1. In the range 99-111, how many are touching a Ser or Thr at 6+ places or on another chain (Cβ under 8 Å) and part of a loop (DSSP other than H, G, I, E, B)?
2. Against the conditions (1) part of a helix (DSSP H, G or I); (2) surrounded by fewer than 22 Cβ atoms within 10 Å (Cβ to Cβ); (3) assigned by TED's automatic domain parsing to the domain that holds Val369, where does Ile78 fall short? Just the number, please.
3. Being crowded, with 22+ Cβ neighbours inside 10 Å and touching a Pro at 6+ places or on another chain (Cβ under 8 Å) is the filter here, so list the residues in the range 162-180 that pass it.
4. For the range 260-273, does any single residue satisfy the condition of being outside any strand (DSSP E or B), more than 32 Å from the chain's Cα centre (by Cα) and at pLDDT below 90?
5. Could you check the range 179-230 and list, in sequence order, the residues that are more than 37 Å from the chain's Cα centre (by Cα) and of a type in the set (Phe, Trp, Tyr)?
6. Going through Asn381, Asn341 one at a time, which residue ends up being more than 23 Å from Ala125 (Cβ to Cβ), buried (at least 20 other Cβ atoms within 10 Å of the Cβ) and not assigned by TED's automatic domain parsing to the domain that holds Leu96?
7. (1) in contact with a strand residue (DSSP E or B) (Cβ under 9 Å, 6 or more places away or on another chain); (2) away from the ligand (no atom under 16 Å from the Cβ): which one isn't true of Gly112, the others all being true?
Amino acid sequence: MAPPAVIGSQKPNARGSTTAAEQRIGQATSVVMPLLEWGAMGYVTWVLAYLICVQYLISPSEELRLSFNVQPRRSTGIALIVIYAILVLLLLIPWLRLLQLIWSKPDLIPLGNPSREKMDTSTKAFEQYDAFTCDYEGFPLWCDKCHNFKPDRTHHCKELGRCVRRMDHYCPWAGGIIAESTHKFFLQFTFFAALYTAYSWIVVAIFLADRISKVGSRPGTWIGALVVTVLFFVFTFTMTGMTGWNLMINFTSVEGIQRGGIHNIAFLVSRSPQGSSSPPTSSTSTPSKNGPSNSDSEGDWPVLRTVQRSSGRTWVVMQTKPLEHPWYTSLMMGWKDTMGNNPIDWFLPIKQSPCKQRTRRGEFEWGEVVFDMARKYEADNPGARLALLDGVR
Ligand SMILES: [Zn+2]
């Protein structure tokens, strides 16, 4: 059986086929799609507000009134237009906030010096943490396209040609990259888009049925608006459900696809084992590039190696088991981290994620899986202390 993939490691030239032309096409799509969607919204507005509300409900033509007994329903027409306008605003405001953030690119990792390789690049930014995800040598994960280390949960985006913090996916429909800072407004965008399209298709469907029964005609423009709004409703409703659920369980779309892989994590050693002035040594077999040793019985949790950095700090590199998610998965924590603590914030497109302070423990809050690894290590190496457990033992 093939060993599980190591999350964040790069196969040589795995994405080497991505060309500048592909990047340009990817980025152009994220400009064209919103323009097409705004065109579709314009069309639906014309059908719903003008053809249905004004021409059919508020002031039906003489022919409709005299020949088909379609009487004016002014208050209904006006109320429907007002609600429609409110829903358009509720959709456009988070969408514009989302685009503003996408264009300001807060989640992109700076490019490194192309002449520098992993060994020549400082790891100082990572060594402030008690633990970070790493490769088999205990280095932070490296991107050979950006020539820089990748903070935890960072992924290289082929459309942008850049590493992106806590990347979820590249969404041409919304207008660009959905990642740490934009995830909240993306969910608000899909939620209000689902609300807007649901309202639109219901109104069009009701008055299409009304017109068929009274007049016996089925205008193609009305049917077109019904088809467009139903299709977008199904799409945005599904996206809202999937995005909301992923936020709750604290998985990005990328992590959902990579589920089943393993993670290497470097833990800062704050005290070596008793009776030892040197760092604790590996308790398992020689690390293999192909994954953990096959002696994966319970209790043989792989400690891959210990490494000492020039700062004098010692790190022990351990590996999760397949299917283990290193970050917390408790339902509301993931949601609140992105959406905010206050339910009002969940709907207002103002406060930006992440909605809580970072800590010294890591780029993101670790899950019980990682704390358990640290506890097991301390139990197996009497006297040893890992910084991650300081204050939580
Ligand atoms: Zn990269």
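The values are calculated or read from the model by the stated rules, or taken from the named source; none is laboratory data. Just so it is clear, the structure is predicted and the values come from calculations on it, not from any experiment. Here Cβ is always computed from backbone atoms with ideal geometry, including for glycine, and neighbour counts include all displayed protein chains.
1. Matching residues across the range 99-111 total 3.
2. Evaluating Ile78 over (1) part of a helix (DSSP H, G or I); (2) surrounded by fewer than 22 Cβ atoms within 10 Å (Cβ to Cβ); (3) assigned by TED's automatic domain parsing to the domain that holds Val369 leaves (3) as the failure.
3. Hits for the range 162-180 are Ala174, Gly175, Glu180.
4. Yes, because at least one residue in the range 260-273 is outside any strand (DSSP E or B), more than 32 Å from the chain's Cα centre (by Cα) and at pLDDT below 90.
5. Within the range 179-230, just Phe207 meets the criteria.
6. Asn381
7. (2)
A quick yes/no check of all residues on (1) over 30 Å from Ala40 (Cβ atoms); (2) surrounded by 19 or more Cβ atoms within 10 Å (Cβ to Cβ); (3) touching a helix residue (DSSP H, G or I) at 6+ places or on another chain (Cβ under 6 Å):
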site	(1), (2), (3)
Val227	no, no, no
Val230	no, no, yes
Thr236	no, yes, yes
Thr240	no, yes, yes
Leu247	no, yes, yes
Gln258	yes, no, no
Ala266	yes, yes, no
